[in-house]
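Report on one structure; see the data block that follows.
The values are calculated or read from the model by the stated rules, or taken from the named source; none is laboratory data. It should be emphasised that the depicted structure is a prediction, and the values quoted were computed from it without experimental measurement. Neighbour counts are summed over all protein chains in view; Cβ atoms, including those assigned to glycine, are modelled from backbone coordinates with ideal geometry.
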Amino acid sequence: MNIVVANTSHFKYAQIICDTIAVSAKVRGTGIAKRTPEYIRGKLENGNAVIALDGDTFAGFCYIEIWGHAKYVANSGLIVHPDFRGKGLAKSIKQKIFELSKEKFPDAKIFGITTGLPVMKINYELGYKPVTFSELTDDPEFWKGCQTCKNFDVLTRTEQKMCLCTGMLYDPATKPKKEKKVNGKAFNRLKSIKEQLFLKKNKK
Ligand SMILES: CC(C)(COP(=O)(O)OP(=O)(O)OC[C@H]1O[C@@H](n2cnc3c(N)ncnc32)[C@H](O)[C@@H]1OP(=O)(O)O)[C@@H](O)C(=O)NCCC(=O)NCCS
């Protein structure tokens, strides 16, 4: 498996990246910000993405988004192709994009929002902490990305204070505590409480 900083030679993978993200979101039944191949190609062109390839076969991807005049960056669009899941690939991709983010934007806070336990676990081990949305970027362009998510009405109803996603933040100014593990049970319980609270109208 080759995990590299992506460039223009990877343009041919833009479509499969978008398709894999879209199909996975549908299968999970969760919300997701929509990405177009043009948008992905921009990330490849700027060296702001990491791609995993097994020979020539697409295996995984993640990219950097820059917000609030580079005061914040996000590692977004993490996807591992179903054929390559459960082998630690997401962890390796996230590690690589995390290192790239720190190298390119050493002073930026790195954040992400997620509904997924695997991502929560990986972020936590990298030194991210769960935070309220008010600690994330207030760049309206970031929050606009949520408009294509099926849970966008929740974010609107709560005046952008909370949603089904959990916000996580790595602050380079704070020394991360090592060896911490996420409590998966507590995370799933919290997720189920949020779903009951925010989605009850849709179930009726
Ligand atoms: C989420 C995803 C990226 C995980 O990829 P992966 O390569 O299978 O993940 P890894 O093998 O690196 O596993 C990372 C951790 O998550 C755990 N994990 C993986 N899949 C899991 C699942 N479905 N449920 C619970 N935990 C899971 C692993 O056990 C591991 O934890 P550990 O270190 O405690 O053992 C992949 O399933 C995917 O692309 N899903 C669809 C897109 C998506 O959800 N993206 C995230 C959007 S925020």
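Scanning region 75-90 turns up no residue that is touching a residue at least 60 places away in the same chain (Cβ under 8 Å) and farther than 30 Å from LYS185 by Cβ. Annotation: LEU44 fulfils all but one of (1) surrounded by fewer than 19 Cβ atoms within 10 Å (Cβ to Cβ); (2) over 21 Å from VAL119 (Cβ atoms); (3) at pLDDT 95 or above; the unmet one is (1).
Listed by position, the helices (runs of 4 or more DSSP H) inside region 79-154 whose residues that are surrounded by fewer than 16 Cβ atoms within 10 Å (Cβ to Cβ) and either more than 8 Å from the ligand (Cβ to nearest atom) or of a type in the set (Asp, Glu) (or both) number at least 2 are 89-104, 140-144.
Condition first: among the aliphatic types (A, V, I, L, M) and closer than 27 Å to GLU195 by Cβ. Can you find one or more residues in region 43-58 that meet it? Within region 43-58, none of the residues are among the aliphatic types (A, V, I, L, M) and closer than 27 Å to GLU195 by Cβ. Picking from residues in region 23-40 that are within 17 Å of ILE97 (Cβ to Cβ) and touching a residue at least 24 places away in the same chain (Cβ under 8 Å), the one that is surrounded by the fewest Cβ atoms within 10 Å (Cβ to Cβ) is ALA33. Could you please let me know if LEU53 is of a type outside the set (Val, Ile, Thr) and assigned to a strand (DSSP E or B)? Considered against the rule, which asks whether it is of a type outside the set (Val, Ile, Thr) and assigned to a strand (DSSP E or B), LEU53 comes out as yes.
Just to be sure, is VAL182 surrounded by fewer than 18 Cβ atoms within 10 Å (Cβ to Cβ) and over 27 Å from ASP54 (Cα atoms)? Judged against the criteria, VAL182 is a match. Within region 100-119, the set of residues being within 9 Å of the chain's Cα centre (by Cα) and modelled with pLDDT of 95 or more comprises just one member, PHE111.
Residues that are within 19 Å of PHE142 (Cα to Cα) and under 17 Å from the mean Cα position of the chain (by Cα) were ranked within region 54-69; the one that is nearest to the ligand (Cβ to nearest atom) is CYS62.
Total residues in region 10-41 satisfying the condition of being of a type in the set (A, V, I, L, M), closer than 16 Å to SER76 by Cα and at pLDDT 95 or above: the figure is 3. Step by step: first the residues of region 155-173, then only those that are assigned to a loop (DSSP other than H, G, I, E, B) and within 17 Å of the chain's Cα centre (by Cα), then the one that is surrounded by the fewest Cβ atoms within 10 Å (Cβ to Cβ). Which residue is that? The residue in question is ASP171.
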